[in-house]
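Following: one structure in structure tokens, then a few remarks.
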Amino acid sequence: ITELARELGVTSIVVTHDLESAFEVGDRVGLLTEGELRACGTPREILESEDPVVRRFMHRRFGTAVRGEA
């Protein structure tokens with residue numbers, strides 16, 4: 001997807017539940033929860049989000065504490 005978008009010079013939007021893939025192909029990532037956009041930014045910005053919902057999601061998804069959590 002990333003290579004094709006570059007070759008064609010277009011922007012692409014990929015919807016996935018596979019967070020690892022989203023972080024690999026996305027320059028920017030959005031996290032929707034119950035229809036609300038809770039976070040939007042680079043993968044690093046998502047991982048460093050101060051939003052408690054995003055932080056809990058990242059913790060559950062990756063099984064490790066994210067910045068600022070014990």
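Readers should treat all values here as calculations from the given coordinates under stated rules, not as data from a laboratory. These figures come from a predicted structure and were not determined experimentally. Cβ: placed from backbone, ideal geometry, glycine included. Neighbour counts: every protein chain shown.
Annotations for the structure displayed:
- Remark on segment 2-62: Rg and Dmax equal 12.4, 38 Å (Cα only).
- Interchain or long-range residues, amide H under 5 Å from Thr33's placed H: Arg38
- Contact order, relative form, for segment 2-62: 19 percent (alpha carbon pairs under 8 Å, 6 or more residues apart, mean separation divided by residue count).
- Whole-Hz couplings from phi, Karplus 6.51/-1.76/1.60, listed for segment 12-28; x for Gly and Pro: 10, 10, 10, 9, 8, 9, 8, 4, 4, 5, 4, 5, 6, 8, x, 6, 9
- Selection from Ile13, Phe62, Thr2, by position along the positive dipole direction of the chain (Cβ): Phe62
- Rounded to the nearest 20 debye, the dipole size of the chain about its Cα centre is 200 debye, using +1 on the Cβ of Lys and Arg and -1 on the Cβ of Asp and Glu.
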